[in-house]
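Structure record follows, encoded as C-alpha cells.
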Amino acid sequence: MVRFSKLPFRHLVSLYSTHITHTPMILAREFSRSELGRRSDFSTSTFERGTFWLNEVPHHLYAPEARKKRRRLVRGSLIAQFAANDAKIFADASELIFPHVDGIDLNLGCPQKWAYQEKIGSYLLRQPDQVRDLIRAARDRTGWSFPISIKIRIDPNLKCTQQLVESGASHISVHGRTRHQASTLPVDVPGIRFAVECAKGQVPVVANGDAWSAGESAAIRKKTGVQGVMSARGLLANPALFDGYERTPMQAVSTFIRLCSEYGFPFPLFQRHLGFMLEGSFTRVERGYFNSLTSFAGVVDYLEERGVDMPTVGDVWTPTPHLDSSGGEGI
Ligand SMILES: Cc1cc2nc3c(=O)[nH]c(=O)nc-3n(C[C@H](O)[C@H](O)[C@H](O)COP(=O)(O)O)c2cc1C
C-alpha cells in the first residue's frame with residue numbers, strides 16, 4: 001500500500017499470521033535510476049518476516065492430529081511491488097531488489113489517472129503481450145525459479161484477463177473490481193472466480209477486496225476457489241485480522257509503537273496508522289484530540305493514559321521463532 005505498507009507495519013502484521021507482505025508500489029524507473037530513490041523507497045530487516053506452520057496436506061484429507069504431524073515451520077515472504085512498462089527498466093529494478101526479497105510483483109491494478117497516462121498500472125490490463133515481455137525480462141535477470149507475480153483487476157474484456165493469467169506470472173492477485181469501480185462498491189466474486197478457472201490450478205490465484213475479518217477471508221476463499229486472500233484496508237484497520245481478532249488488540253498498538261521507535265518512522269505516518277487501528281475505539285472528540293497531537297511522546301502519553309501498556313525491549317523481536325537473526329538492512 002502506497003505510503004502505508006512500510007517496514008514497521010509489515011513487521012507488525014507478520015506477527016499476526018499475515019504470511020505474505022508487500023512493499024508499497026515502487027516506480028521501477030526511479031528505483032533503478034538512483035541510490036537516493038532506492039533508499040527512500042525501500043528498507044527491510046531479516047526480522048520482518050513471521051514464521052508459520054505450513055500444512056503439507058490438504059485440510060480435508062487428514063484428521064487434525066495427523067495434519068499436525070505433516071506440517072513444517074516456514075518463513076513468511078516479502079514481495080516488492082513495482083510499477084513499470086519498460087522491460088529493461090523492470091528487469092534492472094528487479095535485479096537490484098531481488099537479493100533482499102522473496103518475490104517481485106508487477107502492479108497492473110493502479111487506477112489513478114496519472115498512472116494510466118504514464119501507461120503503467122491498470123493501463124497494462126489490456127496489454128497482455130507487453131506484460132508477458134516484462135515478466136520474461138525480469139525472470140531472465142532473477143533466474144526462472146524466482147517468483148514474479150502480477151496484481152490485476154477484473155476487466156469486462158475477459159480475453160485480456162485470460163491472457164494475463166497465462167502471461168507467465170508465478171501467481172496472480174485479483175482485485176475484484178474494474179479500474180472504473182470505487183472501493184465502496186461490492187467485490188465481483190464471479191469475476192475473481194473466472195480468473196481461477198482460467199488458471200486451471202496451474203497458477204495460484206489470490207483474491208483481493210473487502211476482506212475485513214478472518215471469517216470473511218475464509219468465505220471469499222470458499223466462494224472463489226482461490227489459494228490465498230489479500231487485505232489492504234482491513235489490515236490497516238486491524239493488523240491482527242488474519243489471526244482471527246475482530247478488532248485491533250491493544251498489544252498490536254503497543255508493538256507497533258515499539259517497532260516504529262526501533263526502526264524509525266515519520267510522525268505523520270505513525271499517527272495515521274494508529275488512527276486507522278484505533279478508529280473503532282475512539283469517540284469523535286477523542287479522534288479530534290488524537291489527530292491534534294504533534295509528537296511521538298504526546299501520542300504515547302495519551303495512549304498510556306488510555307491503558308495501553310508499552311512493551312519492553314525484546315517483546316517485539318521474539319514473539320514467534322525466527323529462522324535467521326541478522327539486523328536491519330537497506331539498499
Ligand atoms: C492506502 C492504500 C494504498 C494502496 N496502495 C496500493 C499499492 O501500492 N499497490 C497496489 O497494488 N494496490 C494498492 N492499493 C489497493 C489495495 O491493494 C487493494 O487492491 C484495494 O484497497 C482493495 O482491497 P481492500 O478491499 O482489502 O482494501 C492501496 C489501497 C489503499 C487503501
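With both residues required to sit in the stretch 74-183, DSSP beta bridges show an antiparallel share near 0%. For the peptides 118-125, 97-104, residues were scored by their other Cβ atoms within 10 Å and the scores averaged per peptide; the highest-first order is 118-125, 97-104.
For S43, the amide hydrogen comes within under 5 Å of the amide hydrogens of L7, counting only partners 5 or more places away or on other chains and with H modelled in the peptide plane.
Phi angles across the stretch 189-205 convert, under the Karplus curve 6.51 cos²θ - 1.76 cosθ + 1.60 with θ = phi - 60°, into 3J(HN,Hα) values of 4, x, x, 6, 4, 4, 5, 4, 5, 4, 6, 6, x, 8, 10, x, 10 Hz, Gly and Pro given as x. Considering the chain as a Gaussian network with a 10 Å cut-off on Cα pairs, which listed residue, S149, S32, S261, attains the greatest mean-square fluctuation? The residue that fluctuates most here is S261.
Would you please give the FRET efficiency between H100 and R72, computed as 1/(1 + (r/R0)^6) with r the Cβ-Cβ distance and R0 = 25 Å, to the nearest 0.05?
With a Förster radius of 25 Å, E is 0.55.
Restricting attention to the chain, close to 25% of DSSP beta bridges with both partner residues there are antiparallel. Amide H contacts for G50 (H built 1.01 Å from N in the peptide plane; partners 5 or more residues away or on another chain; cut-off under 5 Å): G76. Other residues with beta-carbon under 13 Å from the beta-carbon of S281 carry, at +1 per Lys or Arg and -1 per Asp or Glu, a net charge of +1.
Compared with the direct C-alpha span, the chain from R272 to R39 gains 81.7 nm at full extension, assuming 0.36 nm per residue.
Residue by residue, the stretch 243-252 carries 3J(HN,Hα) couplings of 8, x, 6, 7, 8, 4, x, 4, 5, 5 Hz when phi is fed to the Karplus relation 6.51 cos²θ - 1.76 cosθ + 1.60 (θ = phi - 60°); x denotes Gly or Pro. Full extension of the segment from F4 to W114, taken as 0.36 nm per residue of separation minus the current Cα-Cα distance, would add 37.6 nm. Across the stretch 155-170, coupling constants 3J(HN,Hα) worked out from phi with the 6.51/-1.76/1.60 Karplus curve, θ = phi - 60°, read 8, x, 7, 5, 4, 5, 4, 4, 5, 5, 4, 9, 7, x, 6, 7 Hz, and Gly and Pro carry x.
Taking amide H as placed 1.01 Å from N in the peptide plane, Q81 has its amide H under 5 Å from the amide H of T23, I26, D105, each at least 5 places away in sequence or on another chain.
Taking a sphere under 10 Å around the Cβ of A80 and counting the other residues whose Cβ falls inside, with K and R at +1 and D and E at -1, yields a net charge of -3. Note on the chain: helix-only mean residue ellipticity at 222 nm, from DSSP H runs of 4+ residues weighted -39500 (n - 2.57) and normalised by residue number, equals -12000 deg cm²/dmol. Straight-distance candidates among the lysines for linking to K223, with alpha-carbon spacing under 19 Å and chain neighbours fewer than 8 residues away dropped: K200. Applying 0.36 nm per residue to the separation of E305 and E246 and subtracting their alpha-carbon distance, the gain on full extension is 18.9 nm.
Summing Lys and Arg as +1 and Asp and Glu as -1 over all other residues whose Cβ lies under 11 Å from the Cβ of A91 gives a net charge of -1. The label-point distance for W212 and Q227, in a model that sets each label 7 Å from Cα toward Cβ, rounds to 3.0 nm.
Rule-based calculations on the coordinates, nothing more; no lab input. On a predicted model such as this, the values are computed, not experimentally measured, just so you know. All Cβ positions, even for glycine, are placed from backbone atoms using ideal geometry, and neighbour counts span all protein chains on display.
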